[in-house]
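I have placed the structure first, in the form of structure tokens, so that the comments after it can refer back to it.
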Amino acid sequence: MKLYQYALTLLLMSFGFSAAAQDAVLKGKISSNGKPVEGANVFIKNTSKNTVTTKSGTYQLDQLEVGKSYTIVVFAMGLKTQEKPLTAKSGVNTLDFSMAAFEEVLQEVSVRDYESSDIVRLNAVEGTAIYEGKKSEVIVLNNVTANLATNNSRQVYNKVPGLNIWESDGAGLQLGIGGRGLSPNRTSNFNTRQNGYDIAADALGYPESYYTPPLESVEKIQLVRGAAAMQYGTQFGGMLNFVMKEGNPDKKIELVSRQTAGSFGLFNSFNSLGGTVGKVSYYTFYQYKRGDGWRPNSEFEVNTAYGNVTYNASEKFKVGLELTHMDYLAKQPGGLTDPQFALDPRASYTDKNWFKIDWNIAAILMEYKLSNRSKLQWKNFGLYASREALGINLRAEDPQNDPRLLVDDNFRNIGSELRFLQRYNLGDQTSVLLVGARYYRGFDVKMQGDASNGKDADFSFTTPDNLLSDHDFYIKNFALFAENIFNISDKFSITPGIRFERIGTIGEGYYQKPTQILDQDGLLESVYVQQEDSITNYRSIFMAGIGASFKPSEGHEIYANLSQNYRAITFSDLRTLNSNVRVDPDLQDEKGYSADIGARGTTKLFNYDISLFYLRYNDKIGLANPANPIRTNISDAYTLGMESYAEINLMKLFNQQSKTNINLFSNIALIRGRYISDESIYDGNEVELVPPFNFKTGLNVNYGNLSASWQYSYVAKQYTDALNTQEPLSDAVYGPIPAYYVTDLSLKYRIKKFTVESGINNLTDNMYFTRRATGYPGPGIIPSDGRNFYLTLQVKI
């Protein structure tokens, strides 16, 4: 069946769910201690149908389907949330609620069952964010059976369709995911956040994520695709947010200790403390991880610490402080050429490359509930971090013996984001308005120069007064944004949004420019001449978007959105000393838009999400001319495709009362990416890093205290450059990434306070790679890990 026929059939089926619907009305009264409750939120679980009680505590919900079962939820500040089932009868149905006082501060109402599913979707409104009509996924880590000690991305993101994952870091030190033709390089095409604030090196100037939270400390991962640009800024990929665990509200102190051992000398120790004492809740952890790596010269050592303290001052106001620290030192085995990879994928031909990270983040988060219908949230954050890359100098005549090259970046960033969310009545429906403002200032000191020619981790310049380059880069950013959910009816809503950005990119410094001069003998000699450098670029951007949602019946939705996108040029785009790549001095920002239309739903047996997307880039930045590469605006381009996910509970298909779950899932992405410009030599070529077929399937089994997961992944051949270089170059920097498949198996068993986890990654020991590095940590092929195992012991007291 063709792609459009498949999508059309599913859309018609979704509409058909309500074809025979009849109307019923639900009325009732909400009270507490005999008094009416005004302003209580009354809604139907897993739908957008909602209302607010009147002064007399009464409510009414119209257009319910006769004979259909619903779950009615009532939420009011300071009162315990209540749920009641209802099977709608013809005419007027009556359902009253008597609510009890709740002494603790209420958190956001959750309308999903997290007990069995490891992939759900964001509500229309969560906190002070709007997700109505947007393609979103939420990965619930507690329900994932995977190798969390190494942040195994292939397993954790296995039910998110369309992601292209770089697996060049077997220890999970850095996350590399992309999609729809966007580079996975350190997840730089997503706006990456932790508890809603930025954690990348520089949100606009250098949006690469060198820090990734240990997944053992994460409660859930939220992904929103390109339409997230309205609320989160200028990234084509969307938003990726790690929601950290919080202290147990029912215990003053809770200890979790996880100890993991694995192949190639892996040892991971994760220990956390959390709890609630009076109005104060807290959560903190420390992780130590080390290993030797699959290849020689791959040893690493990591320390990560985190702590948050939240003071619930009253039912309306709370304030929290969060601190994050990570440091690690890792040796880099270098890249391989294609013949070297074919001969021995585990080989390493250099022992001189090192990489060091020191990452520190602080955040103050405040939330004030002005009323049952309005909320104010203010997040202030800062980053103080550094990354240092030390390795052989590819520009040298004798790289193995000449001084090594050291690239030293220091980041000093601050940001503040204020959001206000208001629910209000418009006609017979409740609408939701979100307005916000953001201020961000980034500062990066970037230096490159000669270092020692030894083999140790000596991160110091041998000629600090005569560097190859020395720049101070600044980013100044101010943004205003607004979105509004207009509920046209109980089933249909539209959500327009706008965003205004003012961005300034400033750079000052110098670099050594290669120049040829005549020597005393009249022969040409290559020398470096110091070139002063200054860059100033201010611009204003206005973006708009609109989304729509139609919910034909409970648990099913048809959604669509269209949003403009924008991506600012980065510091790396402006200056580089990578001898394999030059930079176009006239490089411009990327602009474009993204569109999604799809259908999704959840029942007791079935969970699905199928969508069509179109992503348009104007002036797409890429690498041109592999023989003499230059980073420039190559051409306009697009990616078009289908992303689908489906999961069925096989046991409940035959026995609704079965306590055993056997879930079969399938994740398929069919994507076409093409350059489109009559004036470009790339016209009609495939967009690089776009595998046309990306497939994952697997089984998840839950039987009592035992959980098991098996997964198969297949990724089709993809190109790494715009010219679609078929025969790899001699240095392996450019060429195709061949198709590959890989399987994983994981087990988990819980018994009282103890949990045992184990598994084998790359069960069939396939030799494959997902990345060709143009420079550090290559150049060339960066192989993925072969077969490896892990064993985790956990105790919770």
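We did not get these values from a lab; they are worked out from the coordinates using the rules stated. Since we're looking at a predicted model, the values are computed, not measured. Neighbour counts run over all protein chains shown; Cβ positions are idealised from the backbone, glycine included.
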Seminar exercise, completed: Given Cβ charges of +1 for Lys and Arg and -1 for Asp and Glu, the option among VAL224, GLY684, LEU723 whose Cα lies farthest towards the positive end of the dipole of the chain is VAL224
Seminar exercise, completed: Here the stretch 595-720 gives, from Cα atoms, an Rg and Dmax in Å of 20.4, 65
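Under the 0.36 nm per residue contour assumption, what length would be gained going from the current alpha-carbon distance of TYR311 and SER730 to full extension?
Values: separation 419, 0.36 × 419 = 150.84 nm, distance 5.95 nm.
The TYR311-SER730 span can extend by a further 144.9 nm.
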Exercise. At what distance in angstrom do the alpha carbon centres of the stretch 721-736 and the stretch 377-399 lie from each other?
Worked result: 27
For this session: List the lysines whose Cα lies under 25 Å from the Cα of LYS289, skipping any in the same chain that are fewer than 8 positions away.
Result: LYS220, LYS245, LYS331, LYS352, LYS356, LYS455, LYS748, LYS753, LYS796
For this session: For the chain, find the longest principal axis of its Cα atoms and tell me its angle to the long axis of helix 3-16, 0 to 90°, nearest 10.
Result: 20
For this session: Report the extension gain between ASN401 and VAL435 in nm, rounded to one decimal, defined as 0.36 nm multiplied by the number of residues separating them, less their alpha carbon distance.
Result: 6.5 nm
Exercise. PHE693 to LYS252: extension gain in nm, 0.36 nm per residue of separation minus the Cα-Cα distance?
Worked result: 153.8 nm
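Could you compute the net charge surrounding ALA201? Neighbours are other residues with a C-beta less than 10 Å from the C-beta of ALA201; K and R count +1, D and E count -1. Could the numbers behind the result be given before it?
Values: positive: ARG186, ARG387; negative: ASP198, ASP202, GLU208, ASP409, ASP444.
Neighbour charge sum, excluding ALA201 itself: -3.
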For this session: Tabulate in residue order the Karplus-calculated ³J(HN,Hα) for the stretch 636-647, using 6.51 cos²θ - 1.76 cosθ + 1.60 with θ = phi - 60°, rounded to whole Hz; enter x for Gly and Pro.
Result: 6, 7, 9, 10, 9, x, 10, 10, 9, 9, 8, 9
For this session: Mind jotting down the distance between the C-alpha centroids of the stretch 289-312 and the stretch 509-576, whole Å?
Result: 31
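What dipole magnitude, in Debye to the nearest 20, does the stretch 119-241 give about its Cα centre under +1 on Lys/Arg Cβ and -1 on Asp/Glu Cβ? Show your work: numbers first, answer last.
On the way: 10 positive and 10 negative charges, 80 e Å.
Here the stretch 119-241 has a charge dipole of around 380 debye.
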Exercise. Among LYS134/LYS551; LYS279/LYS318; LYS29/LYS55; LYS251/LYS379; LYS84/LYS279; LYS159/LYS696, which pairs are too far apart, with a Cα-Cα distance over 19 Å?
Worked result: LYS251/LYS379; LYS84/LYS279
Exercise. Counting only DSSP beta bridges with both residues in the chain, what percent are antiparallel, rounded to the nearest 5?
Worked result: 95
Problem set entry | Efficiency of FRET between ASN271 and SER460 - r from beta-carbon atoms, R0 35 angstrom, step 0.05 | 0.55
Seminar exercise, completed: To the nearest 0.05, the calculated FRET efficiency linking ARG672 and ASN142 through their beta-carbon distance, R0 being 30 Å, is 0.20
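Can you list which of the GluC sites (Glu not before Pro) found in the stretch 634-713 are DSSP loop residues with at most 16 other C-beta atoms within 10 Å? If you can, show how the numbers build up before the last one.
On the way: sites: GLU643, GLU647, GLU679, GLU686, GLU688; in loops: GLU679, GLU688.
Within the stretch 634-713, the qualifying GluC sites (Glu not before Pro) (loop, at most 16 other Cβ atoms within 10 Å) are GLU679.
For the chain, what is the mean residue ellipticity at 222 nm derived from helices alone (per DSSP H run of n ≥ 4: -39500 (n - 2.57); sum divided by total residues; nearest 500 deg cm²/dmol)?
Values: 6 runs with 37 residues, N = 797.
Value at 222 nm, helices only, nearest 500: -1000 deg cm²/dmol.
Taking the stretch 119-241, how much of its Cα-Cα pair set, in percent, is spaced more than 24 angstrom apart? If you can, show how the numbers build up before the last one.
On the way: 1442 of 7503 pairs.
Across the stretch 119-241, Cα pairs with separations above 24 Å total 19 percent.
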